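Novice: What follows is a structure written as structure tokens; I'll ask about it next.
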Amino acid sequence: MKKRLLIIPARKNSKRIKNKNFKFFFGKPIIEYSIELAIRSKIFTKIHVSSDSIKYKKRLSKFKNIEIDLKRPKKLSNDSVGLMDVFSYIVNQYKDRQFFFDEVWFLSSCSPLITKKDLINASKLFIKNKANILLSTCRYSQPIERSFYQKNKSLIPINRKMLKKNTQNFKETFYHTGNFSIFDKEIFYKKNVKRKYTGFHLPISRSVDIDNTEDWKLAEKLFNQ
């Protein structure tokens, strides 16, 4: 059986929504949706909440299936630090303790629309496609080749030639929704590994990863549909 480490990042002092991880979403702190989802899936060997807050640790102590046994250091808790640096730190800390994993998962603390079935099916797809990274993805509704950027008050096309191309002649493109990811152990245990990506495609109705107040309002609308 695969040994899977799940990491749920939950640092304090969120900028766009104050205390976002413990803001109530339909009756309970939003982070609890991710924790309960992970527990119900029964596919993880270890569930780790990565936090720099002792208060968070105390508030999550009611969950017997998780343990915040590694406090995130201050140097990995500011806005400029990427999540991959956090994941590498955690994996190496467990390695030093002689805990090794076949897969390392990331699950957003603010993705209340993801289902248990999503995680289980993503796990199967990851193995089937023989990738070393899986990303939760959603399809762009319009060709990205027709994108514009704004300069002062003007919209500038990225590529003017593409504006004349028929929509049906563009390939479908996808973006990482930020809900969850899977990494094979070699990403962390080996150097200079060639990355092979695969995507687990989500419908728009389940792809919201809450980052700001607009995301929060949208998730509320979709949650009870």
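A short reminder: the numbers here are calculations on the coordinates, not readings from a lab. The structure presented is a predicted model; accordingly, all values stated were derived computationally and were not measured. Cβ coordinates were reconstructed from backbone atoms using ideal geometry, including for glycine residues, and neighbour counts include every protein chain displayed.
Novice: What are the residues whose amide H is under 5 Å from the amide H of S14, where those residues sit 5 or more places off or on another chain and H is modelled from the backbone?
Specialist: Close amide H contacts, sequence-distant or interchain: N19, K20.
Novice: Summarise the long-distance tail of P(r) for region 132-185 by giving the % of C-alpha pairs beyond 16 Å.
Specialist: Values: 824 of 1431 pairs.
Beyond 16 Å sits 58 percent of the P(r) for region 132-185.
Novice: What is the set of long-range amide H partners of V49 at a cut-off below 5 Å, with H atoms built 1.01 Å from backbone N?
Specialist: The answer is I8, E67.
Novice: When every alpha-carbon pair in region 1-105 is counted, what percent end up more than 21 Å apart? Before the final figure, lay out each step's value.
Specialist: On the way: 1933 of 5460 pairs.
Every Cα pair in region 1-105 considered, those over 21 Å come to 35 percent.
Novice: With a 10 Å cut-off between alpha carbons and a GNM built on the chain, which of K71, K185, K165 moves the most?
Specialist: Of the options given, K165 has the highest mean-square fluctuation.
Novice: Also: Regarding region 112-158, what is the average projected area of its C-alpha convex hull, in nm²? Please list the in-between numbers first.
Specialist: On the way: hull surface 23.8 nm².
Convex hull of Cα atoms, orientation-averaged projection: 5.9 nm².
Novice: Would you mind checking the radius of gyration and Dmax of the chain based on alpha-carbon positions, in Å?
Specialist: Answer for the chain, Rg first and Dmax second: 19.0, 58 Å.
Novice: Now a separate question. What residue among N166, N129, N65 has the largest mean-square fluctuation in a Gaussian network model of the chain, using Cα springs under 10 Å?
Specialist: In the Gaussian network model the winner is N166.
Novice: Can you figure out the FRET efficiency of K2 with K117, using R₀ = 30 Å and their beta-carbon distance, to the nearest 0.05?
Specialist: Numbers: r = 18 Å, r/R0 = 0.60.
With a Förster radius of 30 Å, E is 0.95.
Novice: Given a cut-off of under 8 Å on Cα pairs at least six residues apart, what relative contact order in percent is computed for the chain? Walk me through the numbers before you get to the answer.
Specialist: Numbers: 336 pairs, mean separation 54.8, N = 225.
The value is 24 percent.
Novice: Now a separate question. Which angle between 0 and 90 degrees, to the nearest 10, do you get for helix 116-129 versus the longest principal axis of the chain when only C-alpha atoms count?
Specialist: 70
Novice: Taking Rh as the Kirkwood radius computed over C-alpha pairs, what is the Stokes-Einstein D of region 59-101 at 20 °C in a medium of viscosity 1.002 mPa s, expressed in µm² per second? Walk me through the intermediate numbers first.
Specialist: Details: Rh = 11.9 Å.
Roughly 180 µm²/s, to the nearest whole number.
Novice: Quick check on the chain: helices-only [θ] at 222 nm, where DSSP H runs of length 4 and up contribute -39,500 (n - 2.57) each and the sum goes over total residues. Nearest 500, please. Write down the numbers at each step before the final one.
Specialist: Values: 6 runs with 60 residues, N = 225.
Helices in the chain give a 222 nm mean residue ellipticity of -8000 deg cm²/dmol.
Novice: Can you work out the PRE-style zone for L163? Point 7 Å along Cα to Cβ, and I want the residues of region 124-146 with backbone N under 16 Å.
Specialist: 143-146
Novice: Moving on. With springs only between Cα atoms under 10 Å apart, run a GNM on the chain and tell me which of F24, F106, F188 wobbles the most.
Specialist: Looking only at F24, F106, F188, the biggest GNM fluctuation is shown by F24.
Novice: Given the pairs K23/K217; K71/K95; K117/K194; K46/K191; K55/K117; K117/K196, which span a C-alpha to C-alpha distance of over 21 angstrom in this model?
Specialist: Over 21 Å Cα-Cα: K117/K194; K46/K191; K55/K117; K117/K196.
Novice: Need the full-extension length gain, F148 to I204, defined as separation in residues times 0.36 nm minus the C-alpha distance. One decimal, nm.
Specialist: Numbers: separation 56, 0.36 × 56 = 20.16 nm, distance 2.23 nm.
Taking F148 through I204 to full extension adds about 17.9 nm, to one decimal.
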